[in-house]
Amino acid sequence: NAGVTQTPKFQVLKTGQSMTLQCAQDMNHNSMYWYRQDPGMGLRLIYYSASEGTTDKGEVPNGYNVSRLNKREFSLRLESAAPSQTSVYFCASVRTGPPGEQFFGPGTRLTVL
Amino acid sequence: QKEVEQDPGPLSVPEGAIVSLNCTYSNSAFQYFMWYRQYSRKGPELLMYTYSSGNKEDGRFTAQVDKSSKYISLFIRDSQPSDSATYLCAMSAATDSWGKFQFGAGTQVVVTP
C-alpha cells in the first residue's frame, strides 16, 4: 500500500519550458488536490478534483493546468514555467466524508531558472 | 489579511518541556480544525482534528478550540526530539467540499536533547 506517490522528486527547468508532475493514489479516494508550498505562505491550493472527470480551480491556478486521468491519477502541468513557480508541490488524496483527512505525497521540488 | 494566521517560529524547547502552538482565524464559519505535522522534506501528515469547540486529547497531544476567540491551540507534553517538525493548522467550514481546508503557514518546532 503505497498511499500517494509523486514523480519526479526533483526538477530544474529553464524559464519557458514545460513539464508535467504526476500523482497517483491507491486508496480509492474520490478527491485529489494539488498544492504548492512556499516559505511563509503555507500550503496553497492550485487545483482540485472532487471526483473522476471533474476539476476546479483553487486559490492560485494561474500558469497551471490539470488532468484527472482516472480515479487513481491526477497530473499537474506547467505549460511555460516561470521563476515564480519555483516551489515544492504536493499532491493530496482526500478521504471521503468529514473531516476530509488529506493524505499527502512526498512532494516535488521544482526550481525554475 | 490571511484567513488563518500562524506564528512561523522557530520555537526551540528543551526535551521534556511543553510545546504550545496556536493559530488565529477570521472566518467564523470554520467548523473543522486540524493539526498536521510535517517533517523536513516530507509531506504533511494528520496529527489530530476537532469539530467545533472543545478539547481533544491523544496521548501527549491536546488540541483546543475557542470559537468565541477564533483561536486554536495544540499542546505537546513531555516533548521529544522526534517531535521536531513543522506543525500546520488547517480549518474548514462545514459547508465546504470535504477536504477544502485553509492552512496556516506552519510553526517550526525544535526540541533539543
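The numbers here are math on the coordinates, done by the rules we state, and not lab data. Since the structure is predicted, the reported quantities are computational estimates derived from the model, not experimental observations. As a convention, Cβ positions derive from the backbone with ideal geometry for all residues, glycine included, and neighbour counts pool all protein chains shown.
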Out of A:Glu52, A:Glu59, which single residue is away from chain B (no Cβ under 11 Å), charged (D, E, K, R) and surrounded by fewer than 17 Cβ atoms within 10 Å (Cβ to Cβ)?
-> A:Glu52
Name the strands (runs of 3 or more DSSP E) wholly within region B:24-110 that hold at least 2 residues that are away from chain A (no Cβ under 11 Å) and surrounded by fewer than 21 Cβ atoms within 10 Å (Cβ to Cβ)?
-> B:54-58, B:61-66, B:71-76
Of the conditions (1) more than 30 Å from B:Ala94 (Cα to Cα); (2) buried (at least 21 other Cβ atoms within 10 Å of the Cβ); (3) more than 11 Å from chain B (Cβ to nearest Cβ), the single one that A:Leu76 does not satisfy is (1)
For region B:18-68, enumerate the residues that are in contact (Cβ under 8 Å) with a residue 60 or more places away in the chain and over 14 Å from the mean Cα position of the chain (by Cα).
-> B:Ile18, B:Asn27, B:Ala29, B:Phe30, B:Gln31
Could you tell me whether A:Glu52 is within 27 Å of B:Thr50 (Cβ to Cβ), touching a Lys or Arg at 6+ places or on another chain (Cβ under 6 Å) and free of Cβ contacts under 8 Å to residues at least 40 places away in the same chain?
-> no
Failed item, numbered, when A:Asn70 is tested on (1) more than 13 Å from chain B (Cβ to nearest Cβ); (2) in contact with a strand residue (DSSP E or B) (Cβ under 6 Å, 6 or more places away or on another chain) | (2)
Of residues in region A:88-104 being within 8 Å of chain B (Cβ to nearest Cβ) and small (Gly, Ala, Ser), the one nearest to A:Pro8 (Cα to Cα) = A:Ala92
